[in-house]
Amino acid sequence: MTAAQRRGRRIMMTDEERDAFLAEARTCRVATVSPDGRPHVAPLWYVWQGGSLWLYSITRSRRWAQLGKDPRVAVVVDDGTEYGQLRGVELSGSVVPVGEAPRTGLPCPELTEVERLFAVKNFGLAEMVHDGRHAWLRLTPDTIVSWDFRKLGGAFRR
């Protein structure tokens, strides 16, 4: 169960708006914590499915190593260039790996729909191609915060 958003209710996305936005966008920014406490932020492709953010990460990455030691993440998906167009979602919680790492395509029912959606969304393919370098991380967020400044009308437009 996610924590309720308390601030910014006027610009908060509805659940339907949030789900549509997350289904459409391709790139998120994932923040992890290094052993010395410094944050590390890097872009990553993802899929939003079943109330979880599914991250497709290289297993030999700094991110993967950090998440093996501390699974806590904050993820932002955003859009807009002008102030009055800004919209986005921040999700936070802990990730869990799903399937084999690295992923080679062994049967994993939990990943069937996730990989189908990812292949269509990012590659225009009907099924996932595995390169033996990536694996899946599932973030079922503890907290979700959203904003859509377009709901403010023309107040911030030039």
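Restricting to region 107-151, name every residue that is open to solvent by 50 Å² or more (accessible area, probe 1.4 Å), under 18 Å from TRP48 (Cα atoms) and among the basic types (Lys, Arg).
ARG116, ARG138, listed by residue number.
Answer yes or no as to whether VAL47 is within 17 Å of PRO141 (Cβ to Cβ), among the aliphatic types (A, V, I, L, M), assigned to a strand (DSSP E or B) and out of contact with any Ser or Thr (no Cβ under 7 Å at 6 or more places or on another chain).
yes
Can you give me the number of residues within region 50-82 that are in contact with a His (Cβ under 8 Å, 6 or more places away or on another chain), in contact (Cβ under 8 Å) with a residue 60 or more places away in the chain and either open to solvent by 40 Å² or more (accessible area, probe 1.4 Å) or over 22 Å from GLU110 (Cβ atoms) (or both)?
1
Among the residues of region 24-44, which ones are open to solvent by less than 60 Å² (accessible area, probe 1.4 Å) and either farther than 16 Å from VAL76 by Cβ or of a type in the set (Val, Ile, Thr) (or both)?
Selection gives THR27, VAL30, THR32, VAL33, SER34, GLY37.
Mind checking which residues of region 71-99 are of a type outside the set (A, V, I, L, M, F, W, C) and part of a loop (DSSP other than H, G, I, E, B)?
Restricting attention to region 71-99, the residues satisfying the condition of being of a type outside the set (A, V, I, L, M, F, W, C) are 71-72, 78-85, 87-88, 90, 92-94, 97, 99.
Across region 71-99, the qualifying residues are PRO71, GLY80, THR81, GLU82, GLY99.
The values are calculated or read from the model by the stated rules, or taken from the named source; none is laboratory data. Keep in mind the model is a prediction, meaning the values are calculated, not measured. Note: ideal-geometry Cβ built from the backbone for every residue, glycine included; neighbour counts use all protein chains shown. These accessible areas exclude ligands, DNA and RNA; they are computed on the full protein's heavy atoms, side chains included. Shrake-Rupley method; radii C 1.70, N 1.55, O 1.52, S 1.80 Å.
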